[in-house]
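Working notes for the structure below.
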Amino acid sequence: KFAEERRSGGTPPSKYRAKLIGKDGEIHPVEFNVSFIIWEGEPSSLVIARDIEDQLELEKELVQKNELLNNFMESATDGFNILDSNLKLIEINKVALDRFGVSKEDVIGKNITELRPDAIESGLVAKYEKVLETGEPYFDEFTVDSKEIGFRHLIVKAFRVGKQLGVITADITDQK
């Protein structure tokens, strides 16, 4: 179907997946990469087929691991944040969103200085940058009194996660 469409000047997908039955009678997942060419003066298709059985298994494992991570993040009792190497927020869990009374759309992609206007003068940016540079975790315990969250006693742990920064915020107000 795609070959005929390509020869007649159409633009079918150049990359697609299908299942083929091998000589052994087994079904094999395959990825096709197809290009339109002229072969001996005639419009033709150059097709490269690749067995993707191992790739599909890896993709399945990745989906399962992502689901596990998402379930972990969303069932945690502490606030979890992940910032990139430029200190832009790339992930946040529901606990942290609820604690600070914000939506994911309001905070994802924003720099720590946009989320915490005092981040530079308080030294937080320098502390987070040091964690990213050295890999040494940062720990702090402090109180917050704001109209958004009220009076809270918090513990913050920041640590390097690959090239990114993981931040866990625990509310210990009730324990204090």
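The values are calculated or read from the model by the stated rules, or taken from the named source; none is laboratory data. Only a predicted model underlies this, so the values are computations on that prediction, with no experimental measurement involved. Methodologically, a virtual Cβ is constructed for each residue, glycine included, from the backbone with ideal geometry; neighbour enumeration extends over all protein chains shown. Calculation scope for accessible area: heavy atoms of the full protein, side chains included, ligands and nucleic acids excluded. Shrake-Rupley method; radii C 1.70, N 1.55, O 1.52, S 1.80 Å.
Can I21 be described as open to solvent by 80 Å² or more (accessible area, probe 1.4 Å) and over 30 Å from H153 (Cβ atoms)? Considered against the rule, which asks whether it is open to solvent by 80 Å² or more (accessible area, probe 1.4 Å) and over 30 Å from H153 (Cβ atoms), I21 comes out as yes.
So for the stretch 50-71 (the condition being in contact with a helix residue (DSSP H, G or I) (Cβ under 7 Å, 6 or more places away or on another chain) and hydrophobic (A, V, I, L, M, F, W, C)), does at least one residue qualify? The answer is no, given that none of the residues of the stretch 50-71 is in contact with a helix residue (DSSP H, G or I) (Cβ under 7 Å, 6 or more places away or on another chain) and hydrophobic (A, V, I, L, M, F, W, C).
K157 - would you say it is outside any helix (DSSP H, G or I), exposed (fewer than 11 other Cβ atoms within 10 Å of the Cβ) and either without any contact (Cβ under 8 Å) to a residue 40 or more places away in the chain or out of contact with any Lys or Arg (no Cβ under 9 Å at 6 or more places or on another chain) (or both)?
Numbers: outside any helix (DSSP H, G or I): yes; exposed (fewer than 11 other Cβ atoms within 10 Å of the Cβ): no; either without any contact (Cβ under 8 Å) to a residue 40 or more places away in the chain or out of contact with any Lys or Arg (no Cβ under 9 Å at 6 or more places or on another chain) (or both): yes.
Judged against the criteria, K157 is not a match.
The residues of the stretch 1-18 that are open to solvent by 60 Å² or more (accessible area, probe 1.4 Å), in contact with a Pro (Cβ under 7 Å, 6 or more places away or on another chain) and modelled with pLDDT under 85, listed by number, are E5, R7.
Which ranges mark the strands (runs of 3 or more DSSP E) fully within the stretch 50-154 that have 2 or more residues being of a type outside the set (V, I, T) and exposed (fewer than 14 other Cβ atoms within 10 Å of the Cβ)? Full working, then the answer.
Numbers: elements: 79-83, 89-92, 138-146.
Here the list reads 138-146.
Looking only at residues in the stretch 24-43 that are charged (D, E, K, R) and modelled with pLDDT of 90 or more, the one that is most open to solvent (accessible area, probe 1.4 Å) is E40.
For S122, the conditions (1) in contact with a strand residue (DSSP E or B) (Cβ under 7 Å, 6 or more places away or on another chain); (2) free of Cβ contacts under 8 Å to residues at least 40 places away in the same chain all hold with the exception of (1). Summed over the stretch 48-57, the residues that are touching a residue at least 24 places away in the same chain (Cβ under 8 Å) and over 27 Å from the mean Cα position of the chain (by Cα) give a count of 1. Close Cβ contacts (under 6 Å, 6 or more residues apart or on different chains) running from residues in the stretch 12-36 that are closer than 22 Å to E57 by Cβ to residues that are among the small types (G, A, S) comprise H28/G22; V30/A18; V30/A49; F32/A49.
For the stretch 160-176, filtered to residues that are of a type in the set (S, T, N, Q) and more than 21 Å from G123 (Cα to Cα), the residue that is most open to solvent (accessible area, probe 1.4 Å) is Q175. L46 falls short on exactly one of the conditions (1) part of a strand (DSSP E or B); (2) of a type outside the set (G, A, S); (3) surrounded by 13 or more Cβ atoms within 10 Å (Cβ to Cβ), and that condition is (3).
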